[in-house]
Amino acid sequence: MQPATASLAQLLETHIQTLALALRPSTLAGYRWAARRFLGYLRAAFPQVEQLADLRRDPHILGWFRSLCDQQPPLSNKTLANCLLVLRRLFHDLAANGYAMQPDLIRREDFPPQPTYLPRPLSPQDDRRLQQELRRTDDLPANALLLTRLTGIRIGECLDLAWDCLRSIGPDTWALHIPLGKLHTERLVPADDDVRQAVARMLALRDLAPGAQSEKSKGFLLPRGGRRETLYASLLAALAEAAQRARCSSHVTPHPLRHTFASEMVRCGVSLPALMQLLGHKDIRMTLRYVQVTQQDLQREFHTARRNAAQPHRVPALAVPSTPAAAGLPGIAQALTATRHLLEMYRRQLGSEKTRRKLQRLDRRLLAVATEVEKLATAEK
């Protein structure tokens with residue numbers, strides 16, 4: 001058991017610092033934000049609570065829940081869930097380290113329901129018009145956006161592509177190297193002719209872009225004369241303008257391009273495990289959120305299944321010799337095996353259960369004969 005001399009605020013901050021090696025800076029900022037909100041509430045409502053062991057679910061934790069719900073403007077369910085998740089993680093870690101505290105301060109049933117959003121791919125018409133407009137514009141931002149659509153990569157991954165991101169992995173086989181990104185993973189995305197043309201065009205336009213020769217742009221496919229956030233904002237603006245010129249029926253942002261890519265890949269026959277690798281996901285459940293199954297997809301799958309159901313027994317045929325079996329025990333054994341196979345295929349097609357049972361008894365007799373023949377053949381050797 002660890003001593004509880006440190007204050008609650010000191011314990012939380014110290015443990016958050018120990019997580020710095022495992023979490024991104026933005027994630028650590030979220031931990032500190034949630035801890036500050038909780039400590040601020042305690043100082044205002046329960047100033048006497050200074051030690052971790054003094055915390056109680058009621059009134060301290062439940063009172064904090066109520067204060068979160070009373071925020072104006074209201075916090076979203078996602079923000080509320082993140083607050084609870086962060087604080088529960090900190091409490092669990094401190095308890096695992098031996099600090100005395102009450103169990104179950106935050107329970108699973110405390111978490112608000114999370115909104116379930118449908119995939120938001122572009123309609124086929126908007127997708128076609130937008131790609132045509134990006135190809136017509138043919139500047140560096142347009143080709144970068146076209147590349148994100150053709151490969152399904154995140155816009156942040158596109159910003160970090162190296163100038164030599166196109167890799168040859170075999171004869172006439174190319175892939176786009178995606179560097180370490182959101183989930184601390186890198187991957188290779190197959191590159192067809194359209195992808196390679198987009199990369200080649202970006203390389204041709206790169207040297208003419210402002211800031212291409214700056215130190216910050218060194219090694220990147222997209223030059224960044226200033227901050228990375230500025231380049232990101234410029235791509236957002238370029239996409240909005242292209243969508244407006246293409247007369248897209250909906251507001252277009254970079255992420256629906258990934259949804260569009262995912263839905264297209266599934267309709268082309270790509271399996272979900274392969275799609276998970278293409279999108280750079282670690283969990284297949286996340287991949288499922290990206291895929292839109294339309295009514296046309298349902299109709300196609302349904303009628304395919306019904307056609308397959310018309311032939312429920314697809315048993316591979318055994319090759320039966322077209323010429324008489326050779327004289328001798330091996331030939332007899334081969335003939336018996338073929339006869340039993342044909343008998344079983346016929347039995348499975350019958351609707352009469354009585355006849356099927358008779359044929360099954362006959363098969364057992366043939367099996368006994370085949371066993372004796374095999375014993376005789378073994379004895380002759």
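The values are calculated or read from the model by the stated rules, or taken from the named source; none is laboratory data. This structure is a prediction, so every number in the text was calculated from the model and none was measured. As a convention, Cβ positions derive from the backbone with ideal geometry for all residues, glycine included, and neighbour counts pool all protein chains shown.
Could you tell me which residue of the range 134-159 is nearest to Leu236 (Cα to Cα), considering only residues that are in contact with a strand residue (DSSP E or B) (Cβ under 7 Å, 6 or more places away or on another chain) and of a type outside the set (A, V, I, L, M)?
Here is the first cut: in the range 134-159, the ones in contact with a strand residue (DSSP E or B) (Cβ under 7 Å, 6 or more places away or on another chain) are 151, 153, 157.
Of the ones still in play, those that are also of a type outside the set (A, V, I, L, M) are 151, 157.
Details: Thr151: 18, Glu157: 14 Å.
For the range 134-159, the residue satisfying everything is Glu157.
Please indicate, with yes or no, whether at least one residue in the range 134-149 is assigned by TED's automatic domain parsing to the domain that holds Glu241, closer than 22 Å to Gly280 by Cβ and charged (D, E, K, R).
Among the residues of the range 134-149, at least one is assigned by TED's automatic domain parsing to the domain that holds Glu241, closer than 22 Å to Gly280 by Cβ and charged (D, E, K, R), which makes the answer yes.
In the range 262-291, how many are assigned to a helix (DSSP H, G or I), in contact (Cβ under 8 Å) with a residue 40 or more places away in the chain and within 21 Å of Gln114 (Cβ to Cβ)?
Summing the residues that are assigned to a helix (DSSP H, G or I), in contact (Cβ under 8 Å) with a residue 40 or more places away in the chain and within 21 Å of Gln114 (Cβ to Cβ) in the range 262-291 gives 4.
Can you tell me which of Ala209, Ala238 is in a helix (DSSP H, G or I) and either on the phi > 0 side of the Ramachandran plot or of a type in the set (Gly, Ala, Ser) (or both)? Give the derivation first.
Numbers: Ala209 fails: in a helix (DSSP H, G or I).
Residue meeting the stated conditions: Ala238.
Specify the residue that is surrounded by the fewest Cβ atoms within 10 Å (Cβ to Cβ); the eligible residues are those in the range 87-109 that are under 21 Å from Pro59 (Cβ atoms) and of a type in the set (A, V, I, L, M).
Checked the range 87-109; the qualifying residue surrounded by the fewest Cβ atoms within 10 Å (Cβ to Cβ) is Ala100.
Has the range 4-19 got at least one residue that is surrounded by 12 or more Cβ atoms within 10 Å (Cβ to Cβ) and touching a Ser or Thr at 6+ places or on another chain (Cβ under 6 Å)?
no
What residue, of Ala262, Ala274, is touching a Gly at 6+ places or on another chain (Cβ under 9 Å) and under 19 Å from Thr185 (Cβ atoms)? Give the derivation first.
On the way: Ala274 fails: touching a Gly at 6+ places or on another chain (Cβ under 9 Å).
Sole residue among the options that is touching a Gly at 6+ places or on another chain (Cβ under 9 Å) and under 19 Å from Thr185 (Cβ atoms): Ala262.
How many residues are in contact with a Lys or Arg (Cβ under 7 Å, 6 or more places away or on another chain) and either modelled with pLDDT of 90 or more or not assigned by TED's automatic domain parsing to the domain that holds Tyr232 (or both) if we restrict to the range 164-185?
The number of residues fulfilling the criteria is 5.
From the list Leu55, Leu39, Leu28, pick out the single residue that is crowded, with 16+ Cβ neighbours inside 10 Å, free of Cβ contacts under 8 Å to residues at least 40 places away in the same chain and closer than 21 Å to Thr18 by Cβ.
Values: Leu55 fails: free of Cβ contacts under 8 Å to residues at least 40 places away in the same chain; Leu28 fails: crowded, with 16+ Cβ neighbours inside 10 Å.
Checking each option against the conditions leaves just Leu39.
Name, by its number, the condition in (1) at negative phi; (2) surrounded by fewer than 16 Cβ atoms within 10 Å (Cβ to Cβ) that does not hold for His184.
It fails just one condition, (1).
What tally of residues in the range 241-261 results from selecting those that are farther than 16 Å from Gln131 by Cβ and part of a helix (DSSP H, G or I)?
Residues that pass the stated criteria total 1.
Would you check if Trp33 is modelled with pLDDT of 90 or more and crowded, with 16+ Cβ neighbours inside 10 Å? Before the answer, list the steps.
On the way: modelled with pLDDT of 90 or more: yes; crowded, with 16+ Cβ neighbours inside 10 Å: no.
No; evaluated as a whole, the condition is false for this residue.
Of all residues in the range 198-209, which are surrounded by 12 or more Cβ atoms within 10 Å (Cβ to Cβ) and modelled with pLDDT under 90?
Arg206, Ala209
Taking Arg154 as the residue in question, decide whether it is at pLDDT below 95 and assigned by TED's automatic domain parsing to the domain that holds Leu239.
Values: at pLDDT below 95: yes; assigned by TED's automatic domain parsing to the domain that holds Leu239: yes.
So Arg154 passes the test.
Applying the selection to the range 132-189, what residues are assigned to a helix (DSSP H, G or I) and free of Cβ contacts under 8 Å to residues at least 12 places away in the same chain? I'd like the intermediate steps shown before the answer.
Our first condition is that a residue be assigned to a helix (DSSP H, G or I); within the range 132-189, this holds for 132-137, 140-151, 155-159.
Hits for the range 132-189 are Arg135, Arg136.
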